[in-house]
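The values are calculated or read from the model by the stated rules, or taken from the named source; none is laboratory data. Just so it is clear, the model here is predicted, and its values are computed rather than measured. Cβ placement follows ideal geometry from the backbone for every residue including glycine, while neighbour counts extend to all protein chains displayed. In case anyone asks, the SASA skips ligands and DNA or RNA and just uses the protein heavy atoms, side chains included. Shrake-Rupley method; radii C 1.70, N 1.55, O 1.52, S 1.80 Å.
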Amino acid sequence: MAEEIGLRERKKQRMYQDVSDIAVGLFLEKGFDAVSVAEIAAAAGISKPTLFRYFPAKEDLVLHRIADHREEAARIVVGADSPLGALRRHFLDGLDRCDPVTGLNDDPRVLAYHSLLYGTPSLVARVYEYLRRSEAALAEALGGGLDARLAAGQIVAVRRVLAEENWRRIAAGESAAQVRADAVAAAERAFEWLAAGLPWLA
C-alpha cells in the first residue's frame, strides 16, 4: 500500500512538473498574457478543470518552479543554534552553486524565466504573495509573535534584495563570474547587519 501511495505521489509531482514546463515554454514564446489556460491544457493533453485542480491560478504555473523554496528559510532555522548563521551559510552555499534562487546564474534559460517572472505585473504580485507566505512560515519557525514576524520580514527582504541585485546585474550583461565576488561581499555585509540588529537570532 505504501509503495502504491508513493507511486501515485510521484506521478502527481511529475504531472505538476510537466504541465508547468509546457506552460512556461508557451509563456516564453508568446508572452504570459497572450497564452490562454485552454491553450496550455490542450498542449498538455488535459482538460481545463484538471489543470485548475493542479494549478488554481494561471500564475501558479510559473511559480511552481520555485514553490519548493517557499518554506525553505523556515526549514533551515528549525533546530539551528544560530538561525541567522544557518541562513547565511545557506545563502552563501547557494551563491557558490549558482543556485537560480540567489539570482547568481547566467544560464539563458534561467535569465528568460526571471525576465518572465519580474516582467509580468500579475506574476510580480504573485511573487509578493509567495514571499508573504515564506515570511509567515519563517516567523512561525522562529517562535511566532511580533518579534518573530519583524525578524522574518527583515530576513526575507534581505534575501530578496540580494537575489534581485544579482539578477539585475546579470540581466544587464554581466556574467555570473563577474558578479560573484560582489554578491558574496554583499551577502556577508547584509547578514552582519541582520546579526547586529537581531542579536537574539545570531
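Within the assembled protein chains, the solvent-accessible surface assigned to W167 is about 50 Å², based on a 1.4 Å probe. The distance from the alpha carbon centre of the stretch 6-76 to that of the stretch 101-174 is 19 Å, rounded to a whole number.
Legend: translational diffusion of the stretch 69-140 by Stokes-Einstein, Rh = Kirkwood radius over C-alpha pairs, 20 °C, 1.002 mPa s; D = 159 µm²/s. For the chain, build the charge dipole from Cβ charges (+1 Lys, Arg; -1 Asp, Glu) around the Cα centre, then report which of A187, T102, S82 sits farthest towards its positive end. Among A187, T102, S82, the one farthest towards the positive end of the dipole of the chain is T102. Rounded to the nearest 500, the helix-only mean residue ellipticity at 222 nm of the chain stands at -24500 deg cm²/dmol, with each DSSP H run of n ≥ 4 adding -39,500 (n - 2.57). Averaging 1/r across all pairs of distinct Cα atoms in the stretch 112-191 and inverting the result yields a Kirkwood radius of 14.0 Å. Computed about the Cα centre, the dipole magnitude for the chain is approximately 380 debye when only Lys and Arg (+1) and Asp and Glu (-1) carry charge, each at its Cβ. Pairwise Cα distances in the chain exceed 29 Å for 33 percent of all pairs. The share of alpha-carbon pairs in the stretch 12-70 lying farther apart than 17 Å comes to 27%.
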